[in-house]
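Q: Quick one: structure below, then a few questions.
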Amino acid sequence: MILYVILAIVITIGLVWLIDKFIPSKLRPVVMIALWVVIGFLAYNTFMSIYKPIQFNQIKNKRYALVIKSLKDIRDAQLAHKQVTGRFSNNFDDLVKFIDTAEFTITQRRDTSVLDVEMTKRFGGVETFKDEVLIDTLGFVSVKDSLFGSDDRYKTMMNVPVGEEGAKFELKAGFLEESDIKIPVFEALVKKAVVLNDQDKDLVRQEEEVVSVEGVNGDAIRLGSMEEVNTTGNWPKIYDTKE
């Protein structure tokens, strides 16, 4: 970018020198007008080469924030689904239906001591007690009310809120097997090219190659993983602190 500005200055100086050296005085006004057009063109391109990335980053950050907000709703819904059913959902229709109908069980944990019959017999009738944990069910509460209250935005959480019209998040779910134990996992994502579909293609390609602690790494905005136990997103903490 700096080289581009220097080149424009050098070209301008060179043109002025050529006009002064070789162009007849009668033709100089016409040539000067043409020169000013060229200078204006170069100045505009120099300005846009600086301004376009700035504008792109502003648009990108605003769109990413909206996308990440939707992904967080998906994460809340999926964690609730796992808590109640023991697994994640791989289908948005089922996930919405779950939120509409499912309930959390409200429990209370109590520590207590009870007579240990076996140990009492061993000690010849001397009463021996053991500690136990009792789980009491106190009631039930709607998943919908707990997560979203009166807001029904969960019904459209599958829709990518910005970028390509009609785009939806990709959603996968399954299990990883570790030490003969099946662990539920899920992944939700949208490609950056979908979110930034109307932006400069070169800048989008650069964004897809980002590797930075302050950026969203890779070619997609991603939540969770199908390859490891992970329910976090690939975005930096700044998108969490904005809340």
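Q: So is VAL204 modelled with pLDDT of 95 or more and either touching a helix residue (DSSP H, G or I) at 6+ places or on another chain (Cβ under 9 Å) or open to solvent by 50 Å² or more (accessible area, probe 1.4 Å) (or both) or not?
A: Yes: the conditions hold for VAL204.
Q: Which of the following residues is of a type in the set (D, E, K, R), under 28 Å from LYS82 (Cβ atoms), open to solvent by less than 60 Å² (accessible area, probe 1.4 Å) and out of contact with any Leu (no Cβ under 8 Å at 6 or more places or on another chain): LYS168, LYS192?
A: LYS192
Q: Looking at (1) in contact with a Leu (Cβ under 9 Å, 6 or more places away or on another chain); (2) farther than 18 Å from VAL67 by Cβ; (3) of a type in the set (D, E, K, R), which is the only condition ARG222 fails?
A: Every condition holds for ARG222 apart from (2).
Q: Among the residues of the range 9-17, is any modelled with pLDDT of 95 or more, of a type in the set (A, V, I, L, M), open to solvent by less than 80 Å² (accessible area, probe 1.4 Å) and part of a helix (DSSP H, G or I)? Working first, answer last.
A: Our first condition is that a residue be modelled with pLDDT of 95 or more; within the range 9-17, this holds for none.
Scanning the range 9-17, I find no residue that is modelled with pLDDT of 95 or more, of a type in the set (A, V, I, L, M), open to solvent by less than 80 Å² (accessible area, probe 1.4 Å) and part of a helix (DSSP H, G or I), so the answer is no.
Q: Enumerate the helices (runs of 4 or more DSSP H) found wholly within the range 22-139, keeping only those where 1 or more residues are modelled with pLDDT of 95 or more.
A: The helices (runs of 4 or more DSSP H) meeting that bar are 28-85, 92-101.
Q: While we're on this one: Considering only residues of the range 171-189 that are assigned to a strand (DSSP E or B) and among the small types (Gly, Ala, Ser), which is least open to solvent (accessible area, probe 1.4 Å)?
A: My answer is ALA188.
Q: Here's a follow-up. Kindly establish whether LEU71 is surrounded by 15 or more Cβ atoms within 10 Å (Cβ to Cβ) and touching a Ser or Thr at 6+ places or on another chain (Cβ under 6 Å).
A: Criteria not met by LEU71.
Q: Check VAL210 against each of (1) surrounded by 13 or more Cβ atoms within 10 Å (Cβ to Cβ); (2) in contact (Cβ under 8 Å) with a residue 12 or more places away in the chain and name the one condition it does not meet.
A: Evaluating VAL210 over (1) surrounded by 13 or more Cβ atoms within 10 Å (Cβ to Cβ); (2) in contact (Cβ under 8 Å) with a residue 12 or more places away in the chain leaves (2) as the failure.
Q: Give the range 227-243 a look and list any residue that's in a loop (DSSP other than H, G, I, E, B) and open to solvent by less than 60 Å² (accessible area, probe 1.4 Å), or say none.
A: Selection gives ASN230, THR231, ASN234, TRP235, PRO236.
The values are calculated or read from the model by the stated rules, or taken from the named source; none is laboratory data. Being a predicted model, the structure only gives us computed values, none of them experimental. For neighbour counting, all protein chains shown are included, and Cβ atoms are generated from backbone atoms with ideal geometry for every residue, glycine included. Side chains included, ligands, DNA and RNA excluded: accessible areas come from the protein's heavy atoms. Shrake-Rupley method; radii C 1.70, N 1.55, O 1.52, S 1.80 Å.
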